[in-house]
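Please read the structure below before turning to the comments.
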Amino acid sequence: MSAEAHNDHAVDHHHDDHHHGDDHDHGSFKTYMIGFLLSVVLTAIPFWLVMTEALAPQTTGLVITAFAVVQIIVHMVFFLHMNHKSEGGWNMLALIFTIVIVVIAVAGSVWVMYHLNTNMMPTHDMQTMG
Amino acid sequence: MSHAASLNPDYVDEAGRPIYHPVEEPHHPEGHSTMLGFWMYLMSDCLIFAMLFAVYAVVGANYAAGPSPKDLFDLPLVALNTSMLLLSSITYGFAMLAMVRNRTAQMQIWLAITGVFGLCFLGIELYEFAHMIHLGATPQRSAFLSAFFVLVGTHGLHVTFGCIWLVTLMVQVWRKGLIPANKRRLMCLSLFWHFLDVIWIGVFTFVYLFGMLR
């Protein structure tokens, strides 16, 4: 079973080698323009929302976070040409691993420190006490 | 997959007999794994930025009775800066399309335009930093400002090195032409340049826009 999986990979690998030198996806004028126009829209709307204060701050926060996530995906697909096939899938695997580490580290830090701040709050009131 | 195909070995000897355990290291063409290796570098760079974002998220509201984002940030300027980086991304894309068609002169022009946009971005950022420091909002002023200058400064430093790399590659292409090694280097810089734009999305959203919401 595992031998078969290994051979599958080997066959793919040979296939890649034949095209070596130009097996990378460079995109086309069309994909770059689509990516660019999407990015302009996805950048302009968050700036407009914050500058005009059209929505409540919390709603704006959620909306601009969503726009940032979508724009990052747009850049990954249209500019960095990410797909599950590039470099035999290793690019995607490395990216997924990185995302997992980043989410654990950033969300974990914010979570822990937020609670720390909350629990420490009384000692921060020195000025009002004096 | 058929049984016969599943027995396909990795390598075959001169007589066409399968070699299941190659004795010698198989030949890899030069630069065979450069793109994957460079991607790994970018992922590790991503972790550096993630840590800086985490620091900013934790101490970004600790103003030490000093200036807050609302006192310091100028959103139209940030929007201008963002457009510079976005335009430099698309012009680098055009340079890559010219490279694929082996149009050296066209590619060099697009690279030069990309470099100009990169320098505009850096100029605007340095102006912003100088303005903030002039107002007394130095990195030493508060935890918020320390985290801000380290995060945005690290991104700016990456763009600076990207510009230096860009000029280096333009000289390389001018002297040696679009040889495979230069194409490979240009593809690495392409990843680097677009990656910096991805990081900037995080910076303008979570530092500048969220700063104005607080």
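The values are calculated or read from the model by the stated rules, or taken from the named source; none is laboratory data. Everything numeric here is computed off the predicted structure, so don't read it as measured data. All Cβ positions, even for glycine, are placed from backbone atoms using ideal geometry, and neighbour counts span all protein chains on display. Each accessible area value is taken on the protein alone, full model and side chains, heavy atoms only, with ligands, DNA and RNA left out. Shrake-Rupley method; radii C 1.70, N 1.55, O 1.52, S 1.80 Å.
At-a-glance table
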read-out: Residue ID - least open to solvent (accessible area, probe 1.4 Å), chosen from residues in the stretch B:32-60 that are part of a loop (DSSP other than H, G, I, E, B) and at the interface with chain A (Cβ under 9 Å from one of its Cβ atoms); value: B:H32
read-out: Number of the exception - B:L157 against (1) within 26 Å of B:A57 (Cβ to Cβ); (2) in contact (Cβ under 8 Å) with a residue 24 or more places away in the chain; value: (2)
read-out: Any pair with Cβ under 7 angstrom, 6 or more apart, that starts in the stretch B:29-40 at a residue that is free of Cβ contacts under 8 Å to residues at least 40 places away in the same chain and ends at one that is part of a loop (DSSP other than H, G, I, E, B); value: B:P29/A:H20
read-out: From the options B:L186, B:L122, residue that is crowded, with 17+ Cβ neighbours inside 10 Å, modelled with pLDDT of 95 or more and within 14 Å of chain A (Cβ to nearest Cβ); value: B:L186
read-out: Residue selected from the stretch A:24-34 under the condition farther than 19 Å from B:L87 by Cβ and surrounded by 15 or more Cβ atoms within 10 Å (Cβ to Cβ), by the criterion modelled with the highest pLDDT; value: A:H26
read-out: Members of the stretch A:47-95 found to be hydrophobic (A, V, I, L, M, F, W, C), at the interface with chain B (Cβ under 9 Å from one of its Cβ atoms), closer than 17 Å to A:T31 by Cα and in contact with a helix residue (DSSP H, G or I) (Cβ under 6 Å, 6 or more places away or on another chain), listed by number; value: A:I72, A:F78, A:F79, A:L80
read-out: Cross-chain or 6+ apart pairs with Cβ under 6 Å, the stretch B:57-68 first and touching a residue at least 12 places away in the same chain (Cβ under 8 Å), then of a type in the set (G, A, S) and open to solvent by less than 30 Å² (accessible area, probe 1.4 Å); value: B:V59/B:A147; B:G60/B:A147; B:Y63/B:S142; B:A64/B:S142; B:G66/B:S142; B:P67/B:A137
read-out: Only listed residue being open to solvent by 50 Å² or more (accessible area, probe 1.4 Å) and within 13 Å of chain A (Cβ to nearest Cβ), chosen from B:F161, B:F210, B:F195, B:F204; value: B:F210
read-out: Some residue of the stretch B:130-143 being in contact with a helix residue (DSSP H, G or I) (Cβ under 6 Å, 6 or more places away or on another chain), within 14 Å of another protein chain (Cβ to nearest Cβ), open to solvent by 30 Å² or more (accessible area, probe 1.4 Å) and of a type outside the set (S, T, N, Q); value: yes
read-out: Residue among A:V74, A:V50 that is under 22 Å from B:Y208 (Cβ atoms), β-branched (V, I, T) and in contact (Cβ under 8 Å) with a residue 24 or more places away in the chain; value: A:V74
read-out: Options B:L178, B:L97: the member that is over 30 Å from B:M212 (Cβ atoms), open to solvent by 10 Å² or more (accessible area, probe 1.4 Å), outside any helix (DSSP H, G or I) and in contact with a helix residue (DSSP H, G or I) (Cβ under 8 Å, 6 or more places away or on another chain); value: B:L178
